[in-house]
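Novice: I'd like to ask you about the structure that follows.
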Amino acid sequence: MDFSFPPEVEAFRTEVKAFLAENFDESMLDVTHDGTMHVPELHAALAAEGWLAGPVPKELGGGGRTALESIVLNEEMQLARAPIDAMGVTVITAAILMEHGSDHLKETVVPALLNGEALTSFGYTEPESGSDVAAAATKAVKDGDEWVINGAKMWTTMAHIADYVILLTRTDPDVPKHKGLTFFLVPFDSPGIEIQPVPTMATERSNATFYDDVRLSDDWRVGEVNGGWAVMKTALKYERGVAGGQFMSPPVIDAGIDWATNHERADGTRPIDDPAVRERLIRAQIDVEVCRGFAYHCADLANEGAMFGVEGSMTKLFASETFKRHCREIHDMMGAEGLVTLESPEAHRGGLIEEALRHSPVTAIYGGTSEINRNMVAEGFLGLPRAR
Ligand SMILES: Cc1cc2nc3c(=O)[nH]c(=O)nc-3n(C[C@H](O)[C@H](O)[C@H](O)COP(=O)(O)OP(=O)(O)OC[C@H]3O[C@@H](n4cnc5c(N)ncnc54)[C@H](O)[C@@H]3O)c2cc1C
């Protein structure tokens, strides 16, 4: 088997590495310590390269980047610890608007998203529906020429810095749940919106957002009335390569190897001299290679025009479950020193391992929980009976 990428993809990797060397260094992460996972200068630089619409086809106004190039951009950014959240939300929302948006949205909002001036957020999850996203209950009702929106969304990450939310609403409660959904792009400066912070144990800030008689013209509708599920499929199509954290572990493992090699114990030995420590670190590196294989396989399928399903679930499941284990084991290996947080100047590598340990559980929740992904693998790959 030949695992190498075509030369033009490797050339793009070199370009991305050079871009990151010029536009990102870890000190820029200081602005994320309040829990907002966004580095404005980096986002602006990505926009200037034209990479925010990279994977969207050229005929729709995107960059026409292949899925292999998208995964390489995603990989290199994660290896450098550059946040990918704002890029992922922007690419997916712009792609949705380019495919399903009204002329008004294509002419006004898309250019602002792509040149990095405007930010958006996802409004799918609600207090009573998350995994079962099609059960969304936030109501949109037609009143003359306008839509009136009422409801609440949970976990609207980045809402507090975003200009818009792409909102999943129920427009017909009397048909099967997938068939009564409609998307809107809602400007956050519309009257009737409230944003409340939701802090997390990972330091990351998310939000609860509330919509009280929010009025919008039909220009803000995205896709057909009751055609929300088709729009959702477009979102999933573009998630390949740009969303998800397939390469979250390497910086943590690297920091763990660094600590184990350079830390001297009271008896003069180093943790790396302990075969049990070496075995843990080597097993973690093997997981990274397996995960890379899964991720590249998905990108390869997408490159050939296939819409992957269960392969995406396998990748997400493996990436987040092994990330949780790597963080736990490396943190455990560090003993008391692992407890030093990023606020302390003594923290090893800026407290990266301790922070990653707190962040790792959520990676098995957002973007589809591990239980849901296990169900998908069980049913779609192993042929086990449906659990629901
Ligand atoms: C920090 C953070 C940021 C987020 N950001 C966003 C965002 O920006 N926009 C957005 O829309 N959403 C966001 N989410 C929401 C996220 O996608 C949901 O939390 C996730 O889909 C799970 O939904 P839920 O929380 O309602 O849990 P539930 O769906 O209620 O699940 C509860 C538990 O039951 C299990 N479960 C549910 N159904 C099944 C089943 N059929 N079989 C087996 N087990 C099952 C789940 O795995 C889980 O363990 C974010 C969440 C977090 C924590």
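The values are calculated or read from the model by the stated rules, or taken from the named source; none is laboratory data. A quick note: this is a predicted structure, and the numbers were derived from the prediction, not measured. Glycine gets a Cβ as well: all are built from the backbone with ideal geometry, and neighbour counts include every protein chain shown. Areas reflect the complete protein model, heavy atoms only, side chains present, ligands, DNA and RNA absent. Shrake-Rupley method; radii C 1.70, N 1.55, O 1.52, S 1.80 Å.
Novice: Of Ile282, Met314, Val377, which is farthest along the charge dipole of segment 244-380 in the positive direction, counting Lys and Arg as +1 and Asp and Glu as -1 at C-beta?
Specialist: Comparing the listed Cα positions along the dipole, Val377 ranks first.
Novice: Related question: Past the 20 angstrom mark, what percentage of all C-alpha to C-alpha distances in segment 7-119 do you count? Don't jump to the answer; show the numbers that get you there.
Specialist: Details: 2513 of 6328 pairs.
The share of Cα pairs beyond 20 Å in segment 7-119 comes to 40 percent.
Novice: Per DSSP H run of n ≥ 4, the term is -39500 (n - 2.57); total these for the chain, divide by its residue number, and report the mean residue ellipticity at 222 nm rounded to 500 deg cm²/dmol. Write out the running numbers ahead of the final one.
Specialist: Details: 11 runs with 167 residues, N = 388.
Computed mean residue ellipticity for the chain: -14000 deg cm²/dmol.
Novice: Give a residue-ordered list of calculated ³J(HN,Hα) values for segment 258-266 (Karplus: 6.51 cos²θ - 1.76 cosθ + 1.60, θ = phi - 60°; whole Hz; x for Gly, Pro).
Specialist: Once θ is set to phi - 60°, the couplings for segment 258-266 become 4, 5, 5, 7, 9, 8, 9, 7, 4 Hz.
Novice: Could you sort Ile286, Ile92 by their accessible area in this structure, using a 1.4 Å probe and putting the largest first?
Specialist: Largest to smallest exposure gives the sequence Ile286, Ile92.
Novice: Compute the angle between helix 228-242 and the longest alpha-carbon principal axis of the chain, please, reported from 0 to 90 degrees and rounded to the nearest 10.
Specialist: On a 0 to 90 degree scale, this one is about 30.
Novice: A further question follows. If I histogram all Cα-Cα distances within the chain using bins 10 Å wide from 0, what percent of pairs lands in each bin?
Specialist: 5, 22, 32, 26, 12, 4, 1, 0
Novice: Separate question: Considering every Cα-Cα pair within segment 220-326, what fraction, in whole percent, is farther apart than 22 Å?
Specialist: Details: 2802 of 5671 pairs.
The calculated P(r) of segment 220-326 puts 49 percent of pairs beyond 22 Å.
Novice: Taking the Cβ-Cβ separation of Asp189 and Glu371 as r and a Förster radius of 35 Å, what is the calculated FRET efficiency to the nearest 0.05?
Specialist: 0.40
Novice: Across segment 193-252, what fraction of all alpha-carbon pairs, as a whole percent, falls in each successive 10 Å bin from zero upward?
Specialist: Going from the shortest bin to the longest, the percentages are 15, 24, 40, 17, 4.
Novice: Leaving out same-chain residues fewer than 8 places away, which lysines sit with a Cα under 22 Å from that of Lys316?
Specialist: Counting by Cα, and skipping residues close in sequence, Lys316 has these lysines nearby: Lys233, Lys237, Lys324.
Novice: Additional query: Quick check on packing: order 362-370, 74-82 by the mean number of other C-beta atoms within 10 Å, highest mean leading. Please list the in-between numbers first.
Specialist: Numbers: 362-370: 18.0, 74-82: 20.3.
Put in order of decreasing packing, that is 74-82, 362-370.
Novice: Dimensions of segment 310-368 along principal axes (Cα, Å, largest first)?
Specialist: That works out to 43, 20, 14 Å along the principal axes.
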